Amino acid sequence: MMKRMNLKLILVGLCMAFSVNAQAQLGNLLKNVLGGGNSSEQQTETSTAEKVGGLVSIFQNLIGKDKVDNASLKGEWVYESPAVVFESSNLLNKAGGTFLANKLENTLQNYLSKIGFEQGQVELSFDGDSTFQMKIGSKTFEGYYEVNENEISMRRKSLLIQSRPVTANVAVKSDNVQITFKADKLLEFFTNIASMSSSGTLSLVSKLAGGYDGMQLGFQFKKK
């Protein structure tokens with residue numbers, strides 16, 4: 001009975017965390033979930049959430065570990081959904097598995113929508129060598145990229161200033177590519193690479209990514 005009550009309290013906390021005051025409650029929520037409950041309880045919670053209708057990402061909410069080459073990135077990709085990933089399956093299980101990841105993805109999408117990241121509205125193309133182009137709504141910009149093992153560094157082209165490269169984890173499976181960042185790098189991507197200046201929204205996105213040290217946020221694209 002006590003275990004059931006604890007689970008209900010966690011679920012109530014999750015619902016509250018994704019209300020208007022999500023940014024203020026997220027840090028404590030993650031700490032509480034990560035610090036409480038045992039593995040079997042969390043696995044049960046995750047399985048229940050998936051049966052109810054949660055969708056498991058093709059990347060299973062984990063960062064990419066495999067080497068990625070230019071040939072697999074070459075082509076045009078369309079934004080499909082946000083990505084919330086963990087750096088190991090152990091951390092994912094500690095955090096409540098895909099149940100929490102799906103909740104965070106929904107919240108992340110709410111923030112991303114405010115800066116134009118909607119399904120089908122963002123396009124990313126790689127030439128298979130060293131340049132990329134990104135379209136966000138009516139806005140287009142170009143840059144250089146470099147792939148090293150399971151990381152991609154992106155730098156915007158500019159005639160006025162030399163922008164700093166921003167590094168992210170990259171994973172490719174079938175017709176999908178996942179690009180995820182740590183909190184500070186995600187903020188750099190939006191401000192330096194994509195020239196986004198919606199400081200309030202970007203601050204909330206950064207807080208989400210900084211909610212737990214082993215968590216990254218980003219995007220999932222599908223081959224066009």
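The values are calculated or read from the model by the stated rules, or taken from the named source; none is laboratory data. Just so it is clear, the model here is predicted, and its values are computed rather than measured. A quick note on method: Cβ atoms are made from the backbone with ideal geometry, for glycine too, and the neighbour counts reach across all protein chains shown. All accessible areas refer to the heavy atoms of the entire protein, side chains included, with ligands and DNA or RNA removed. Shrake-Rupley method; radii C 1.70, N 1.55, O 1.52, S 1.80 Å.
List of remarks:
- Subset of segment 191-211 (residues that are assigned to a helix (DSSP H, G or I), within 29 Å of residue 90 (Cα to Cα) and either out of contact with any Phe, Trp or Tyr (no Cβ under 6 Å at 6 or more places or on another chain) or open to solvent by 10 Å² or more (accessible area, probe 1.4 Å) (or both)): 203, 204, 206, 207, 208, 209
- Answer residue from segment 110-148, given it is open to solvent by 60 Å² or more (accessible area, probe 1.4 Å) and either touching a Cys at 6+ places or on another chain (Cβ under 7 Å) or assigned to a strand (DSSP E or B) (or both) and is farthest from residue 72 (Cα to Cα) among those: 139
- If you filter segment 92-109 down to residues that are in contact with a strand residue (DSSP E or B) (Cβ under 8 Å, 6 or more places away or on another chain) and at pLDDT 90 or above, you find that the one that is least open to solvent (accessible area, probe 1.4 Å) is 108.
- Test result for residue 214, surrounded by fewer than 18 Cβ atoms within 10 Å (Cβ to Cβ) and out of contact with any helix residue (DSSP H, G or I) (no Cβ under 9 Å at 6 or more places or on another chain): no
- Taken together, 211, 218 contain a single residue that is small (Gly, Ala, Ser) and out of contact with any Ser or Thr (no Cβ under 9 Å at 6 or more places or on another chain), which is 211.
- Scan of segment 63-79 for residues that are among the β-branched types (Val, Ile, Thr) and over 11 Å from residue 178 (Cβ atoms), ordered by number: 78
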